[in-house]
1. Hey, does region 23-34 have a residue that's over 30 Å from THR248 (Cβ atoms) and modelled with pLDDT of 90 or more?
2. Is it the case, given these coordinates, that THR119 is modelled with pLDDT under 95, under 18 Å from the mean Cα position of the chain (by Cα) and more than 17 Å from LEU30 (Cα to Cα)?
3. Only one of ALA288, ALA292 is hydrophobic (A, V, I, L, M, F, W, C), surrounded by 14 or more Cβ atoms within 10 Å (Cβ to Cβ) and modelled with pLDDT under 95. Can you tell me which?
4. For THR83, indicate whether it is among the polar types (S, T, N, Q), at pLDDT below 90 and more than 7 Å from ligand 1 (Cβ to nearest atom).
5. Among the residues of region 203-251, which ones are touching a residue at least 12 places away in the same chain (Cβ under 8 Å), part of a loop (DSSP other than H, G, I, E, B) and more than 23 Å from the chain's Cα centre (by Cα)?
6. Report whether or not GLY147 is open to solvent by less than 20 Å² (accessible area, probe 1.4 Å), more than 9 Å from ligand 1 (Cβ to nearest atom) and either over 26 Å from ARG229 (Cβ atoms) or assigned to a loop (DSSP other than H, G, I, E, B) (or both).
7. Out of ASN50, ASN11, report the one residue that is at pLDDT 90 or above and within 11 Å of ligand 2 (Cβ to nearest atom).
8. Please go through region 179-226 and pick out each residue that is β-branched (Val, Ile, Thr) and within 16 Å of ligand 1 (Cβ to nearest atom).
Amino acid sequence: MLSLAGGKRDNDLILPINSSLSVTLHQDQLKTTTTAAASQDFTEDRLWLNGEEADVGHPRLQACLREVRRLARKRRGSSTEDTAALSLSYKVHIATENNFPTAAGLASSAAGYACLVSTLARLYGVEGELSEVARRGSGSACRSMLGGFVQWQRGERPDGRDSIAQQVAPETHWPELRVLVLVVSGEKKQVGSTAGMQTSVDTSPLLKHRAEVVVPERLALMVRHIHERDFEGFGQLTMQDSNQFHATCLDTFPPIFYLNDISRQIIALAHRFNAHHGCTKVAYTFDAGPNAVIFMLADTVAEFMEVVRRSFPPTTNGDQFVRGLPVSSASLPEELIAAVVAEPVPGAVQYILHTKVWGWVEHGAGEPICLSSGLCMGPHPHPHPWGCA
Ligand SMILES: Nc1ncnc2c1ncn2[C@@H]1O[C@H](COP(=O)(O)OP(=O)(O)OP(=O)(O)O)[C@@H](O)[C@H]1O
Ligand SMILES: C[C@@](O)(CCOP(=O)(O)OP(=O)(O)O)CC(=O)O
């Protein structure tokens with residue numbers, strides 16, 4: 001993730017008012033796992049999210065199911081081989097789990113719908129361009145269908161056929177790039193992204209200006225910084241764009257507040273850290289929630305982690321405070337502590353996840369798949385509510 005976010009010009013087809021760009025994070029640390037089964041014994045489509053049954057009638061979920069089945073029908077219509085397997089009339093049961101907070105501004109809908117569409121596509125034997133289908137679940141999900149640095153093109157067509165994801169650079173392009181996710185709150189946000197963005201589109205003149213003027217310029221610049229692996233430019237623009245996104249939230253009427261006091265303290269800390277070093281060493285971005293995503297190069301991680309630990313010491317979970325990729329220890333020079341670390345706020349950061357950019361090609365698709373109630377393929381990391389062993 002890394003927003004350059006906007007609103008929607010069509011809420012049904014999920015078409016954005018501007019193009020956007022994101023980074024897909026590594027699935028060893030942050031992931032959604034989705035398992036799907038189809039059977040003639042199932043009487044209805046059902047979905048369990050994080051162990052609890054969710055409303056399968058959700059229009060976005062229905063759109064994804066409908067589109068994957070439509071593509072499967074189309075493919076079978078033109079294929080001569082007998083796909084023996086699955087009747088398209090079978091109902092599906094889907095179990096999905098996020099190993100990170102859901103609906104808390106950490107792009108769970110992006111990961112969730114991207115994984116759902118990939119899993120359904122494998123179940124039904126559909127291949128090819130699927131970002132258009134994932135987009136129908138959640139706009140940001142279309143970007144998450146690809147690894148590395150990904151652009152979601154606004155597109156011009158009213159039917160959305162050209163509003164798809166395109167890789168700007170693979171994850172191998174910038175292997176030193178690291179990400180720390182500072183989880184401030186795992187609570188579900190009060191204003192969901194979809195509703196929030198609609199109110200912004202309806203009421204914020206700043207959002208209109210941003211979509212028409214600012215984002216197109218910034219996007220071109222951001223792509224250049226990424227291609228040149230220019231962290232100074234990339235970092236500055238990332239922070240400026242996150243700040244402008246949250247300015248559009250404040251410009252929305254009634255206003256939306258995603259950032260909280262801790263988010264603002266993290267922002268100030270990052271600026272003090274950069275000022276101390278005299279260059280952009282760390283760059284924050286906040287999605288629709290208070291949790292910080294901080295980019296840096298690998299050689300900054302240990303030092304910045306120590307700064308965060310001193311500023312927001314853990315009160316519980318000391319051993320679980322830092323998760324994900326290993327972090328070596330660093331001792332901080334006295335002048336850095338004096339200049340950067342303010343009065344500690346114990347417990348303000350619940351945990352920190354250390355991760356990097358993900359690339360599909362490197363690892364291949366690994367989603368577990370269950371083809372029918374008695375026949376399962378692939379590993380099953382969590383129990384299926386419908387009891388498929
Ligand atoms: N694994 C999943 N499978 C299917 N749907 C999911 C999954 N995870 C989340 N969702 C859907 O996405 C919704 C959360 O989306 P929302 O945009 O509010 O939050 P977010 O995506 O976590 O945050 P943001 O988009 O601001 O980064 C959930 O309520 C649920 O409907
Ligand atoms: C702030 C954002 O996370 C908003 C999420 O936007 P989506 O385009 O995913 O919204 P929906 O399609 O309504 O789910 C920024 C982003 O990821 O683009």
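1. The answer is yes, given that some residue of region 23-34 is over 30 Å from THR248 (Cβ atoms) and modelled with pLDDT of 90 or more.
2. Answer is yes for this residue.
3. ALA288
4. yes
5. Across region 203-251, the qualifying residue is only SER204.
6. Considered against the rule, which asks whether it is open to solvent by less than 20 Å² (accessible area, probe 1.4 Å), more than 9 Å from ligand 1 (Cβ to nearest atom) and either over 26 Å from ARG229 (Cβ atoms) or assigned to a loop (DSSP other than H, G, I, E, B) (or both), GLY147 comes out as yes.
7. ASN11
8. VAL179, VAL181, VAL183, VAL184, VAL191, THR194, THR199, VAL201
The values are calculated or read from the model by the stated rules, or taken from the named source; none is laboratory data. Just so it is clear, the model here is predicted, and its values are computed rather than measured. For neighbour counting, all protein chains shown are included, and Cβ atoms are generated from backbone atoms with ideal geometry for every residue, glycine included. These accessible areas exclude ligands, DNA and RNA; they are computed on the full protein's heavy atoms, side chains included. Shrake-Rupley method; radii C 1.70, N 1.55, O 1.52, S 1.80 Å.
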